[in-house]
Structure formats: structure tokens, C-alpha cells
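The values are calculated or read from the model by the stated rules, or taken from the named source; none is laboratory data. Quantities reported herein were computed from a predicted structural model and do not represent experimental measurements. Quick reminder, even Gly has a Cβ in these numbers, built from the backbone with ideal geometry, and neighbours come from all protein chains shown.
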Amino acid sequence: MTTIAIDIPILETANLILREPRATDWDAVRTFGLSDRSRYIGGPFEEWQIWTSLLAPIGHWFIRGYGFWTVEDKATGAVAGRLGVVNHIDWPEPELGWQVYEGFEGRGIAYEGAMAARDHAQNVMGLGPLISQIHPENIRSRRLAERMGATFEREGNVRGTPCLIYRHPKEPQA
């Protein structure tokens, strides 16, 4: 039997733990995937697609050496979302992406977590400058990218859906 080890670093911020995906994340991931909140990433999804989305980050970490973390709220231990860097086979380059689950909006979770993920990706993993591919109607994500110092670079397309591509700065942002 062959053992496969995957090194997924755990990042901690003031309010969050960015950690590996776990089977116990299923309920939170499923709720997001079935909801209208997933519309900007192609949802709502079928249950089998959501299951695949729970497992895919593990393979991404194994193959690429980076991927999505599960975002855990330090105060409660609740799963608040997912974020990180992905580069699917049909992506133009590594992308910093984020998903914030219902009940966790407006608390700065996406900003705090995405900044930590971007810093780690660029300064530890040597990636970047990263892009974020954002649905044109997703105003909150566009504003978040801009708050992080990313600038609109060009229009793009993700699997048949138009997107706006924002370029993140290579240098750290305050």
C-alpha cells in the first residue's frame, strides 16, 4: 500500500484559522453550494458537484502544492467559508478566490483570510502576482479585490461565463 502525504499549511490570523478541508465541513459546504450564494461561481449545484467541490481542494494541494483552505472562525469553531489559490487546468494562471458562507458576511472575514492567503502564496510559495476572476455582478467581491489593492486588468471568461480579471499587487498591502 502506498501512503500519500499532503502538506497543507495551517494559517492563523487574529480571528481565523485557515486549515485543510475535512469531512466535517460537508454541511457548511453543502448549504453554500445549494444556495443562491453560489450563483457567482456557477451554482446552485447538484449534491454530487458539491461533494466533488469538497474533495477537489485536497487534490489541488497534492498536485499543485497550493489550494483552498477551509476558513474556521476562531471564536466559535464554525466553518465560515473557503478561500485560497487555485489554478485549474483551464485557468489562465493562479487565482486568489474566496467564498463567505451565510451568517459571516460583513465581518471582514474574506479580507482577513484572503490577505493572509495572498501573503502566504506570494511570500512563502513564490506565486504571483495573482489574479482574481470575478463575476461582473458580484459587486462585493469586486470591492474586496479593490480594497486588497487589486486593479482591474481585463475582461475574461470562466467556462463560458464572462468575468472581470483583477490583478493583485506583488508587494504587501497594509
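At a glance:
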{"item": "Residues of the range 27-37 classified as within 20 Å of residue 161 (Cβ to Cβ) and free of Cβ contacts under 8 Å to residues at least 60 places away in the same chain, total", "result": "3"}
{"item": "Answer residue from the range 131-169, given it is at negative phi, surrounded by 13 or more Cβ atoms within 10 Å (Cβ to Cβ) and in a loop (DSSP other than H, G, I, E, B) and is farthest from the chain's Cα centre (by Cα) among those", "result": "169"}
{"item": "Scan of the range 87-113 for residues that are within 22 Å of residue 59 (Cβ to Cβ) and of a type in the set (A, V, I, L, M), ordered by number", "result": "89, 96"}
{"item": "Every residue from the range 1-52 that is surrounded by fewer than 18 Cβ atoms within 10 Å (Cβ to Cβ) and among the aromatic types (Phe, Trp, Tyr)", "result": "26, 40, 48, 51"}
{"item": "Some residue of the range 42-52 being within 21 Å of residue 144 (Cα to Cα), touching a residue at least 12 places away in the same chain (Cβ under 8 Å) and in contact with a strand residue (DSSP E or B) (Cβ under 8 Å, 6 or more places away or on another chain)", "result": "yes"}
{"item": "Cross-chain or 6+ apart pairs with Cβ under 9 Å, the range 1-26 first and within 14 Å of residue 59 (Cβ to Cβ) and at pLDDT 95 or above, then of a type in the set (A, V, I, L, M, F, W, C) and assigned to a loop (DSSP other than H, G, I, E, B)", "result": "20/6; 20/8; 20/10; 21/8"}
